[in-house]
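**Q** Pasting in a structure now, in structure tokens, and then I'll have a few things to ask.
The values are calculated or read from the model by the stated rules, or taken from the named source; none is laboratory data. Since this is a predicted model, take the numbers as computed values, not measurements. Cβ coordinates were reconstructed from backbone atoms using ideal geometry, including for glycine residues, and neighbour counts include every protein chain displayed. Accessible surface areas use protein heavy atoms only, side chains included; no ligands, DNA or RNA. Shrake-Rupley method; radii C 1.70, N 1.55, O 1.52, S 1.80 Å.
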Amino acid sequence: MLYIPGNNPAMLLHGGVYGADSLLLDLEDAVALNQKDAARILVRNMLKTVDYYGAEVCVRVNHLDTPFGMDDLNEIVPLQPNAIRYPKTETIEELDRLVQVITEIEDRHGLPHDKMKIHIMIETALGVQNVFEIAKFCKRVDAITIGGQDLTADMNIKNTKDGAGIDLARKMIVMAAKANKIDAIDTVFVDVDNEEDLRIETQYIKELGFNGKAVINPRQIDIVHEVFTPTEEEIRKAYRIIKEFNRNKALGIGVFAVDGKMVDAPVLTRANYVLELAGVDSDAI
Amino acid sequence: MEIVKKAQAGSFESSDVLVLIEPVEKGTGRKIEVDSAVQRQYGDQILTIIQESLDEYEVNDIHLVFNDKGAIDTVIKARLETAIKRASNAQKGTMY
Amino acid sequence: MQNSLGREIPEFIEGYGKTEPFSGAWTKLKKGEMSEITIPPPNKAKLAHQTKLTPNLEEAIAKTNPHDGMTVSFHHHLRNGDGLLVKTLDILAKMGIKNITLASSSLADCHTPILKYIADGTICKVWTSGMRGEIGKAVSEGAMQLPVIFHSHGGRVRAIHTGEISIDLAIVATSAADEEGNGTGTFGKSAFGSMGYSIIDMRYAKQVIVVTDNLVEYPCYPLSVTQNFVDYVVVVDSIGDPTKIASGTTRITKSPIDLLIAKHAADVIEHSGYFVPGFSFQLGAGGASLAVAKFMRDKMKRQEIHGSFLLGGVTSYCIDMLNEGLFKSVFDVQSFDAMVSSSLYNNKNHIEISAALYANPYNCGCMTNKLDIVVLGALEVDVDFNVNVLTGSGGYIRGASGGHCDTASGAKLTVVVCPSIRGRISTINQRVQTVVTPGESVDVVVTERGICVNPAQPELEQNLLKAGLNVKKIEDLQQEVENIVGKSKPVEYTDKIVGVVEYRDGTIIDVVREIKH
């Protein structure tokens with residue numbers, strides 16, 4: 001998930017070429033206060049004309065409590081990007097208001113209510129505490145992301161390299177997302193020249209259960225992809241598990257082993273997930 | 001729309017354009033100055049877009065300076081819209 | 001008349017003469033020998049212990065019989081740091097010499113002062129591999145009466161053999177030399193590395209002046225240039241500024257688009273079928289092409305594939321790969337930074353070669369013919385895969401032919417890397433403004449928006465598709481880019497020819513016309 005500053009024509013124009021799964025056109029923190037209108041108009045125009053080569057396109061709007069949030073939504077919602085990303089969410093009341101505003105705009109334009117998704121950003125301690133309720137609030141919310149920079153500021157702690165201060169928040173957010181069967185996306189890694197620590201952090205958040213990670217520079221995309229892409233060995237094993245499962249199912253055998261290890265339901269689920277990431281159609285096996 | 005104050009939009013970055021607008025006396029018409037990195041290839045097209053945008057917002061009297069670093073049409077339109085809205089006080093929700 | 005690429009070439013061009021149209025990269029060479037007569041090089045005689053040392057450049061030049069209509073040659077290894085070309089012309093102009101033919105192996109921004117000599121008739125004709133900046137702009141706008149003739153590095157050697165370029169005076173810069181004119185570029189305060197382009201000038205010029213800012217005890221070695229071709233030796237304070245050789249071209253780019261293109265190019269090479277142990281390799285300096293080295297290095301290490309030799313213009317990145325054992329040897333016709341010079345001096349596997357051995361099509365085999373893979377840049381590519389590396393957006397001359405067509409023709413796999421859009425200008429077009437390298441020599445074009453394989457290489461296309469790379473038809477990419485930037489108005493030219501582009505075999509592949517301004 002690549003962040004693209006909303007007032008930068010060159011980056012908005014070329015953002016789709018880097019192979020990010022998801023693009024985040026940002027009207028919020030990446031745009032100076034006196035350029036909010038310019039970015040809004042620019043992003044609106046670019047959404048209409050630029051080919052992002054099938055990447056998921058999200059727009060991060062400003063919060064409705066700011067003077068910009070309502071204008072952002074009025075301009076962007078009619079264009080129905082894949083998702084609206086809503087920053088600094090703390091309570092379900094805020095979320096409720098957001099959904100109402102979006103729905104009204106969609107009604108005005110005769111648009112459906114189920115196409116455009118909402119990604120919620122948790123960036124405060126209060127938000128972290130309420131994250132389970134937020135994640136479960138409505139079906140349109142299909143991803144929760146953590147905003148590490150703002151969260152450390154809100155907690156008045158230093159943003160350390162090992163992320164110790166936001167570790168609990170990360171885990172709570174993953175848990176809330178998983179409990180509601182939606183995606184959890186991790187925060188950005190700001191030191192773009194430090195590839196090694198980006199790799200370590202990505203490996204860690206993958207182990208925690210995050211489904212992806214936001215990046216601020218195209219150079220970071222490959223590293224995140226490499227970490228999240230299953231290794232050839234993992235894919236082969238998953239393939240064998242599914243193949244064995246299908247064979248045994250046909251024979252009416254419920255319990256079997258692959259490489260001397262018992263295959264049960266969780267192992268199957270995991271194998272299916274690995275194949276999905278690898279782009280292998282498990283039905284065809 | 002009536003241009004009531006000076007305004008600008010855009011930047012000198014590559015692929016962007018800086019649009020400067022200032023009010024002129026009513027009835028003086030449109031004074032447009034275009035300087036583009038791609039003048040030879042896109043100069044005529046740029047002028048057409050400017051005129052069309054001014055038509056769209058019904059701006060008849062204006063001094064517009066257009067300094068282009070290779071912006072594509074959709075960016076040009078966005079910057080013109082922003083500048084015109086700013087200069088005519090039509091843009092809300094922005095802190096200057 | 002039209003050449004085989006459909007380019008309109010007059011049968012006769014004032015200042016060039018009768019033209020022979022380009023008819024295919026190998027058509028002429030298939031004959032196995034050059035049809036044109038080779039002019040004999042001069043043979044001189046010197047007496048034992050006669051001195052060649054001359055107090056200054058003025059006196060040395062005065063001794064070489066300077067005359068109106070003479071041809072004076074230079075080598076461009078010091079690139080934008082060269083301190084001798086303008087100085088020499090200052091001297092010749094002061095002597096009142098007119099109608100000089102300037103034959104430099106290339107021209108850089110630092111040579112801009114020659115514009116005044118073009119204006120006042122001191123210089124009337126120019127042979128070069130390329131030009132940029134103010135010189136390119138002035139020539140494009142018709143500053144010269146006679147067209148500039150652009151040659152490739154290999155083609156220049158051929159043109160000297162045939163006498164098309166008949167050098168009266170060669171000025172040869174060395175960073176170390178002795179009193180007899182043995183010299184090198186590999187050490188000294190102004191070390192600039194290989195002297196590959198100057199070897200041919202020394203052999204054929206009627207008069208040769210070796211200039212150095214570092215006179216060493218006789219004999220000076222390594223013997224990049226040798227005394228048996230040298231008439232005079234001059235010691236100056238400085239031959240130029242070697243820190244300006246690189247001018248930003250030898251660092252790996254941080255531009256995300258260039259890095260992306262480079263990564264795609266490395267993927268193309270990996271899956272092309274040519275990435276096998278013992279492969280030979282060349283890559284251009286600067287932008288995406290140099291960045292390809294970074295990704296190739298990783299792939300070579302990871303897959304433990306070691307190459308044979310690196311060729312061409314040599315950057316410090318090449319030296320790193322040599323020192324890591326990824327390649328066995330480097331053959332160097334031009335060095336791009338100080339680290340390369342010291343490697344050339346110290347490492348026996350880093351070998352200096354002449355432009356003739358590097359790329360001359362008319363000998364018993366140049367090294368570009370032994371290349372497996374070359375990665376080259378482009379200002380513009382068209383749907384027939386023709387490449388322009390000479391004229392930029394707006395039709396202005398701002399590039400160089402260099403070794404582009406030499407290496408592209410020789411290599412088994414020619415990869416051209418360029419962004420599909422520069423600013424608002426499309427790089428993939430219906431028809432390039434100027435053809436330097438014919439499409440038949442280009443196998444694959446790699447951009448950030450897709451990879452286009454020459455239809456003449458269906459097997460390569462299959463290999464890349466199988467690897468899951470983003471392969472597109474070049475016509476589709478051209479259309480896609482045009483949809484983004486909008487259709488541009490074609491550049492308007494007058495009928496006046498300001499540049500003649502010689503293909504490496506001496507045929508005319510294209511001409512450059514004056515821009516309406």
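**Q** For chain C, calculate the relative contact order in percent as a whole number, restricting contacts to Cα pairs under 8 Å that are 6 or more residues apart.
**A** On the way: 1268 pairs, mean separation 87.1, N = 517.
Across chain C, relative contact order equals 17 percent.
**Q** Under a crude label model (7 Å from the Cα following the beta-carbon direction), how far is A:ILE92 from C:ALA45 in nanometres?
**A** Inter-label distance under the simple model: 10.9 nm.
**Q** Per DSSP H run of at least 4 residues, take -39500 (n - 2.57); add these up for chain A, divide by its residues and hand me the 222 nm value, nearest 500 deg cm²/dmol.
**A** The helix-only estimate for chain A comes to -14000 deg cm²/dmol at 222 nm.
**Q** Taking 0.36 nm per intervening residue step and subtracting the Cα-Cα distance, what contour gain separates C:THR243 from C:ASN323 on full extension?
**A** Length difference between fully extended and current span is 26.5 nm.
**Q** Taking A:LYS213 as the anchor, which lysines have their alpha carbon closer than 19 Å to its alpha carbon, excluding any fewer than eight residues away along the same chain?
**A** A:LYS88, A:LYS117, A:LYS161, A:LYS171, A:LYS178, A:LYS181
**Q** Could you compute the FRET efficiency for C:VAL86 and C:ASN65, with r as their C-beta to C-beta distance and R0 at 22 Å, rounded to 0.05?
**A** 0.50
**Q** Further question on the same structure: Any chance you could look up the accessible area of C:LYS487 with a 1.4 Å probe, heavy atoms only, rounded to 10 Å²?
**A** 140 Å²
**Q** Do the sum for chain C: with -39,500 (n - 2.57) for every DSSP H run of n ≥ 4, divided by all residues, what is the mean residue ellipticity at 222 nm, to the nearest 500 deg cm²/dmol?
**A** Per the formula, -7500 deg cm²/dmol.
**Q** Turning to a different aspect of this structure: C:LYS254 to A:ARG199: FRET efficiency via 1/(1 + (r/R0)^6), r the Cβ-Cβ distance, R0 22 Å, to the nearest 0.05?
**A** The value I calculate is 0.70.
**Q** Going from most exposed to least, what order do A:GLU94, B:GLU56 have by accessible area with a 1.4 Å probe?
**A** Putting A:GLU94, B:GLU56 in descending order of accessible area: B:GLU56, A:GLU94.
**Q** Sticking with this structure for a sec: So how do A:ASP142, C:ASP406 rank on accessible area, 1.4 Å probe, biggest first, that is with the largest at the start?
**A** In descending accessible area the options line up as A:ASP142, C:ASP406.
**Q** What percent does the relative contact order of chain A come to when contacts are Cα pairs within less than 8 Å and at least six residues apart?
**A** 13 percent
**Q** Now for a separate question. Under a 10 Å cutoff between Cα atoms, tell me which one of A:GLU201, A:GLU232, A:GLU93 has the largest fluctuation in the Gaussian network model of chain A.
**A** Looking only at A:GLU201, A:GLU232, A:GLU93, the biggest GNM fluctuation is shown by A:GLU232.
**Q** Sticking with this one: Please calculate the 1.4 Å probe accessible area of C:THR507, with all protein chains present, and give it to the nearest 10 Å².
**A** Here the accessible area works out near 0 Å².
**Q** Taking R0 as 35 Å, what's the FRET efficiency between A:HIS225 and C:LYS516 from their Cβ-Cβ distance, rounded to 0.05?
**A** 0.10
**Q** Please report Rg over Rh for segment A:67-203, where both radii come from the alpha carbon positions and Rh follows the Kirkwood definition. Walk me through the intermediate numbers first.
**A** Working: Rg = 16.0 Å, Rh = 15.8 Å.
Value, to two decimals: 1.01.
**Q** Under 18 Å Cα-Cα from C:LYS98, which aspartates and glutamates qualify once same-chain neighbours fewer than 8 residues away are excluded?
**A** The qualifying aspartates and glutamates are C:GLU58, C:ASP68, C:ASP90, C:ASP120, C:ASP168.
**Q** Let me ask you something else. Can you tell which of A:LYS243, A:LYS178, A:LYS261 shows the greatest fluctuation in a Gaussian network model of chain A with Cα springs below 10 Å?
**A** A:LYS261
**Q** For helix C:85-94, what angle does its Cα long axis make with the longest principal axis of chain C, in degrees from 0 to 90 and rounded to 10?
**A** Taking Cα atoms only, the helix is inclined about 40 degrees.
**Q** Here's a follow-up. How many Lys pairs in segment C:141-275 lie less than 30 angstrom apart by Cα atoms, where the lysines are 8 or more positions apart or on different chains? It would help to have the intermediate numbers written out before the result.
**A** Numbers: C:LYS189/C:LYS206; C:LYS189/C:LYS244; C:LYS244/C:LYS254; C:LYS244/C:LYS263; C:LYS254/C:LYS263.
Pairs that pass both the separation and distance tests number 5.
**Q** Moving on. Could you give the angle, 0 to 90 degrees to the nearest 10, between helix A:36-49's Cα long axis and the longest principal axis of the Cα atoms of chain A?
**A** Helix A:36-49 sits roughly 50 degrees off the main axis of chain A.
**Q** Could I ask something else about it? Using the alpha-carbon atoms, what tilt in degrees (0 to 90, nearest 10) does helix C:474-485 show relative to the longest principal axis of chain C?
**A** In chain C, helix C:474-485 runs at an angle near 90 degrees to the longest axis.
**Q** Which lysines have a Cα less than 16 Å from the Cα of A:LYS237, not counting those fewer than 8 places away in the same chain?
**A** Output for A:LYS237: A:LYS261.
**Q** How do A:ARG270, A:ARG140 stack up against each other in accessible area, from largest to smallest, with a 1.4 angstrom probe?
**A** Reading off the accessible areas and sorting them downward yields A:ARG270, A:ARG140.
**Q** Taking the Cα centre as origin and putting +1 on Lys and Arg beta-carbons and -1 on Asp and Glu beta-carbons, what dipole magnitude results for segment B:7-87, to the nearest 20 debye?
**A** 120 debye
**Q** Turning to a different aspect of this structure: Using a 1.4 Å probe and ignoring any ligands, DNA or RNA, find the accessible area of A:THR160 and quote it in Å² to the nearest 10.
**A** Taking all protein chains as shown, A:THR160 has close to 60 Å².
**Q** Taking only DSSP H segments of four or more residues, each worth -39500 (n - 2.57), what value at 222 nm results for chain B once the sum is divided by all its residues, to the nearest 500 deg cm²/dmol?
**A** Computed ellipticity for chain B at 222 nm equals -11500 deg cm²/dmol.
**Q** What pairs in C:LYS18/C:LYS412; A:LYS48/B:LYS69; C:LYS30/C:LYS348; A:LYS36/B:LYS31; C:LYS125/C:LYS516; C:LYS63/C:LYS137 have C-alpha atoms more than 31 Å from each other? Please list the in-between numbers first.
**A** Numbers: C:LYS18/C:LYS412 33 Å; A:LYS48/B:LYS69 22 Å; C:LYS30/C:LYS348 35 Å; A:LYS36/B:LYS31 28 Å; C:LYS125/C:LYS516 22 Å; C:LYS63/C:LYS137 35 Å.
From the list (C:LYS18/C:LYS412; A:LYS48/B:LYS69; C:LYS30/C:LYS348; A:LYS36/B:LYS31; C:LYS125/C:LYS516; C:LYS63/C:LYS137), the Cα-Cα distance tops 31 Å for C:LYS18/C:LYS412; C:LYS30/C:LYS348; C:LYS63/C:LYS137.
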